[in-house]
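Contents: one structure, followed by commentary.
The values are calculated or read from the model by the stated rules, or taken from the named source; none is laboratory data. Small disclaimer: the values here were computed from a predicted structure and weren't measured. No Cβ is skipped: glycine too gets one built from the backbone with ideal geometry, and neighbour counts run over all protein chains shown. Please note that ligands, DNA and RNA were not included when accessible areas were found on the heavy atoms of the full protein model with its side chains. Shrake-Rupley method; radii C 1.70, N 1.55, O 1.52, S 1.80 Å.
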Amino acid sequence: MAKRDYYEVLGVNRDATDADLKGAYRKLAMKWHPDRNPENPKAEEYFKEAKEAYEVLAEPQKRAAYDQFGHAGVDPHAAGAAGAGGFGDIFSDIFGEIFGGGRGGRSTVFRGADLRYNLELTLEQAAHGFETKIRIPAMTPCESCKGSGAKPGTQPTTCPSCRGAGQVRVSQGPFSIAQTCPRCHGSGSVIPSPCVNCSGTGRVKLQKTLAVKIPGGVDEGDRVRLSGEGEPGVNGGPSGDLYVQVHIKQHAVFQRDHDDLHCEMPISITAAALGGEISIPTLDGSAKIRVPAETQTGKTFRLKAKGIKGVRSREPGDLFCHVVIETPVSLTEKQRQLLREFEAISQQDSARHNPRAKGWLDKVKEFFDG
């Protein structure tokens, strides 16, 4: 199974500071520590994954190698990372020697690592779709050396250790084992005079602008894939992909539950008692709700198909409006007097006008008397 991108593991952007990395790692370590998750067999795996990611990104040299070459740049078992071929490479070369095959000195090719970009959207943008442009760090061929890595006016030369093969052979008993050349790291050439602009890598980092189209209906955590926009491959390998991960901002009115929307609908005591028509907002404009007389707190009104149509849904969800009766505040003296008169009239037949309160008081009395 391929390793996940280290920045994705820690949940940070590629320009994260040391403090960002440390904070993200501490949260994950606390969350997934095996001692805190004795019943979760996956916890130890997640804990080790976070630890490995932090150990690489917290070390400047390792982080630079990872940013340039992905996992291949920091994996001691990957060709080009530490000058030694992997377990599979060794045995393929052994059997190639025995049966007359072999790879003929070809440098190992690696696909570039996938990248992640966190994009915040409003609820409206997520519901209706959204087009935007993002800027991401990217590696591009150095203009000074035209991607060769050599100082202008000079050229890379054939590696004297492997004579351009990219591999050297080591005798292991009766076998001759091919390993990646430790001097040129499998490229077959060395650079006597590195380019000052790119330090001999042949690539420089810059900011790349990409157009992103977010489909309507995306939800928190959904990802949009931009093929080939990840890290460049090694030794001519294909580039990885860029995943734009969606995060939805908190909305002032609505709360989303999959394709459904929920909102609180405060109404006055008089509106609840007498009933009437109320205008409420939706993502597609305003709508009218007929509130019946004597409506109580907790009453829910459902507006069919006024929610969100998810990316994989056939029909939109619904909008649920939850009634909250608001007690008036900052009363004038006249209002207070009217409410006192109203209360006095209501108390003359409280069982009729306030049946729930009367029933509750009766139960309380039975509790203490019984």
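Summary table
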{"item": "Residue in the range 205-214 that is farthest from residue 141 (Cα to Cα), counting only those that are open to solvent by 70 Å² or more (accessible area, probe 1.4 Å) and among the charged types (D, E, K, R)", "result": "213"}
{"item": "Candidate set from the range 1-57 (those that are assigned to a loop (DSSP other than H, G, I, E, B), of a type outside the set (Lys, Arg) and in contact (Cβ under 8 Å) with a residue 60 or more places away in the chain); member that is least open to solvent (accessible area, probe 1.4 Å)", "result": "5"}
{"item": "Count of residues meeting criterion [in a strand (DSSP E or B), touching a residue at least 40 places away in the same chain (Cβ under 8 Å) and under 20 Å from residue 158 (Cα atoms)] in the range 173-202", "result": "4"}
{"item": "Subset of the range 105-138 that is open to solvent by less than 50 Å² (accessible area, probe 1.4 Å) and over 22 Å from the mean Cα position of the chain (by Cα) - its residue that is modelled with the highest pLDDT", "result": "110"}
{"item": "Residue 217 vs. criteria surrounded by 14 or more Cβ atoms within 10 Å (Cβ to Cβ) and in contact with a Ser or Thr (Cβ under 8 Å, 6 or more places away or on another chain)", "result": "yes"}
{"item": "Any hit, the range 265-282, residues being farther than 30 Å from residue 343 by Cα, touching a strand residue (DSSP E or B) at 6+ places or on another chain (Cβ under 9 Å) and either acidic (Asp, Glu) or surrounded by 18 or more Cβ atoms within 10 Å (Cβ to Cβ) (or both)", "result": "no"}
{"item": "Residue list for the range 245-295, filter: among the basic types (Lys, Arg) and without any contact (Cβ under 8 Å) to a residue 12 or more places away in the chain", "result": "288"}
{"item": "Subset of the range 188-200 (residues that are open to solvent by 60 Å² or more (accessible area, probe 1.4 Å) and either under 21 Å from residue 166 (Cβ atoms) or touching a strand residue (DSSP E or B) at 6+ places or on another chain (Cβ under 8 Å) (or both))", "result": "192, 194, 197"}
{"item": "Verdict on residue 240 being under 30 Å from residue 147 (Cβ atoms) and in contact (Cβ under 8 Å) with a residue 60 or more places away in the chain", "result": "yes"}
{"item": "Pick from the range 266-324, criterion of a type in the set (S, T, N, Q) and not in a strand (DSSP E or B), ranking: nearest to residue 125 (Cα to Cα)", "result": "313"}
{"item": "Check on residue 226, open to solvent by 20 Å² or more (accessible area, probe 1.4 Å), touching a Leu at 6+ places or on another chain (Cβ under 8 Å) and free of Cβ contacts under 8 Å to residues at least 60 places away in the same chain", "result": "yes"}
{"item": "Close pairs (7 angstrom Cβ cut-off, 6 or more residues apart or separate chains): on the phi > 0 side of the Ramachandran plot in the range 305-322, surrounded by fewer than 16 Cβ atoms within 10 Å (Cβ to Cβ) anywhere", "result": "305/315"}
{"item": "Search result, residues across the range 246-262 that are part of a strand (DSSP E or B) and buried (at least 16 other Cβ atoms within 10 Å of the Cβ)", "result": "246, 248, 256, 260, 261, 262"}
